[in-house]
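So the structure is just underneath, and the comments pick up after that.
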Amino acid sequence: MKILHNIGEYFILMARTFSQPTKSSLIRKQILFEINSLGLGSMGIITIISAFMGAVITLQTASNIDSALIPDYTVGFTARQSMILEFSTTIIALILAGKVGSNIASEIGMMRVTEQIDALEIMGVNSASYLIVPKIIAAVFINPFLAIWSMFVGISGGYLVAEFSGVVSTDAYIEGVQLDFKMFSIYYALIKTVVFAFIITSIPAFYGYNVKGGALEVGIASTRGVVTSSIVILIANYVITQLLLI
Amino acid sequence: MIELKNIHKSFSDKQVLHGIDVQYEKGKTNLIIGASGSGKSVLTKCTVGLMEPDQGSVFYDGQDFTKMQLDGKKEIRKKIGMLFQGGALFDSLTVEENIKFPLRMHASMTEKEMEDRVNFCLGRVDMSGINDRFPAEISGGMQKRVGIARAISLQPSYLFCDEPNSGLDPSTSILIDNLIKELTEEYQITTIVVTHDMNSVMEIGDHVIFIHKGHKHWEGTKDTILKANNKELSDLVFASDLMKKVRQLS
């Protein structure tokens, strides 16, 4: 019952968030701030994780190919497909759910407990719209760029491993990366990224917005926001894949 | 003038307010006093619309606020200034941007006009020159004064102050009290102050309402409170040794 109640409350908050928009001049500045904070602030961690993940995928694939019947370019092909279809979208989304989600839940939660949200309401501002819309717009806009950057860095990480470790020749790796490339894979990845960006921002914002109490409750809300958004990302990942790829 | 009629509010099965009727007059400092958990803050939140009363009505200059649509409520809220217990300044904005915020939302002013208004409001609370500081860089008393500056930036008709003296030293408390009183008289605002500070009651209590267990238990002025024949009120007012000595002297 509690889950159904929360789902209902979430949709009511989302309806309120988008029904009475805040002045565009105010929200524009906030969107730019959030693009910098939520998006560009995550570039470092995304770069490091993607590079190492591309490198590890390359090493693991190469070390597991025993048969002479399997061509060497399979390594590059596997690295590309893994990065585009799953890693740069779902895994990066799960990492961002932890980093960005906890940040959003605790920021909005602290605003709730220090009465800053009440102050917005008293001023006649739709606090849900003012606080949540810029975060959603910023993430939906910037996360596809982060995903593409992650794909590029991951595949490059695999190339560097091929170059320096010698597990596969760079020519074979490049051939695999280019083999049977379908543009739809990128569209599929970007559609997932946009949906995940909405989940990563809106669910933690919901938990932060509804905090009651003090610092302890803000911490609990932050944890719940991260856990719930991670689970919803996995469910959404399955549903989108079923709808678009099968 | 603000008028509350038969306000009831409960949370789950706990009744917090039991049919409160009260009138807050224009140009007067109206104080709501009571022990912690008596329902003062809930009453104030019902008055400003941060909570919906279960029953009863709130009238702002004769207009029924509880029955208004969102647009009507927005219009009333433009006329409300509120000072929160912790200041509730926006952490990510400077003092100047905090005071400009309501102006940006509701006033059609140029940047220059807004800057002039900010400087006027800061000057009015004796806080000139701190425009570029962030809330975290100023003291609690300064935050309260900036909170007042923000509350008066749109020239409100109604000013609400929730525990304006909590966490402040006695001299700053008196300063804040006097500022509230001056602004109320100067701009003929309907001011409501939620407090349990007896010094405030004796300094600025034009009209005092005592809330006990969700009921309006007593109503009067700072001049009549010391002689009130009400046990629960006396327990609150004369809780400290200082006030007991005041009673003996009076």
- request: Could you sort out which of B:Lys213/B:Lys244; B:Lys28/B:Lys74; B:Lys5/B:Lys26 sit more than 20 Å apart by Cα distance in this structure?
  value: B:Lys213/B:Lys244; B:Lys28/B:Lys74
message: With the cut-off at 1.5 for a/c, could you classify segment A:68-203 from its C-alpha gyration tensor as rounded, prolate or oblate?
response: prolate
task: Collect residues whose amide H, placed 1.01 Å from N in the peptide plane, falls under 5 Å from the amide H of B:Thr221; neighbours closer than 5 in sequence don't count.
output: B:Val208
task: Quickly estimate the mean residue ellipticity at 222 nm for chain B, helices only: each DSSP H run with n ≥ 4 gives -39500 (n - 2.57), and the total goes over all residues, rounded to 500.
output: -12000 deg cm²/dmol
- line: Applied in sequence order to segment A:20-27, the curve 6.51 cos²θ - 1.76 cosθ + 1.60 (Karplus, θ = phi - 60°) yields integer Hz couplings, x standing for Gly and Pro, of 10, x, 7, 3, 4, 5, 6, 6
task: Tell me which residues come under 5 Å, amide H to amide H, from B:Asp54 once H is placed; ignore anything under 5 positions away on its chain.
output: B:His8, B:Lys9, B:Ser10
statement: Shape call for the protein assembly as shown, from the Cα gyration tensor axes a ≥ b ≥ c (a/c under 1.5 means rounded, otherwise prolate when a/b beats b/c, else oblate), comes out prolate
- prompt: Tell me which aspartates and glutamates have Cα within less than 20 Å of B:Lys67's Cα, excluding those fewer than 8 residues away on the same chain?
  reply: A:Glu121, B:Glu3, B:Asp21, B:Glu52, B:Asp54, B:Glu75
- prompt: Name the trypsin sites (Lys or Arg not before Pro) in segment A:1-94 that are in a loop by DSSP and that have at most 15 other C-beta atoms within 10 Å, would you?
  reply: A:Lys23
query: Once the Cα atoms of helix A:215-245 and of chain A are each reduced to a long axis, what angle between those two axes, in degrees from 0 to 90 to the nearest 10, is obtained?
result: 50
- request: Report the charge-dipole magnitude of the protein assembly as shown in Debye, nearest 20, computed about the Cα centre from +1 at each Lys and Arg Cβ and -1 at each Asp and Glu Cβ.
  value: 900
message: Given Cβ point charges of +1 (Lys, Arg) and -1 (Asp, Glu) and nothing else, what value in debye, to the nearest 20, does the dipole of chain A about its Cα centre take?
response: 800
- prompt: List the lysines whose alpha-carbon lies under 16 Å from that of B:Lys73, not counting same-chain residues fewer than 8 positions away?
  reply: B:Lys45
- prompt: Given segment A:31-245, what count of lysine pairs have C-alpha atoms under 28 Å apart, with each pair 8 or more places apart or on different chains?
  reply: 6
query: Separation of segment A:214-235 and segment A:89-150 by C-alpha centroid, Å?
result: 13
- prompt: For segment A:31-245, with the dipole built from +1 on Lys and Arg beta-carbon atoms and -1 on Asp and Glu ones, taken about the Cα centre, which of A:Val227, A:Ala119, A:Ala51 lies farthest toward the positive end?
  reply: A:Ala119
- prompt: Is chain B rounded, prolate or oblate when judged by the Cα gyration tensor, a ≥ b ≥ c being the square roots of its eigenvalues, rounded requiring a/c under 1.5 and prolate requiring a/b larger than b/c?
  reply: oblate
- prompt: Any idea which of B:Ile204, B:Leu236, B:Leu93 is furthest toward the positive side of the dipole for chain B, if Lys and Arg beta-carbons carry +1 and Asp and Glu beta-carbons -1?
  reply: B:Leu236
message: With just the Cα atoms defining each centre, how far is segment B:199-222 from segment A:19-76? Give it in Å.
response: 61
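Bear in mind that the values in this text are calculations on the coordinates, not laboratory data. Computed from a prediction, not measured in an experiment: that's the story for all the values here. Methodologically, a virtual Cβ is constructed for each residue, glycine included, from the backbone with ideal geometry; neighbour enumeration extends over all protein chains shown.
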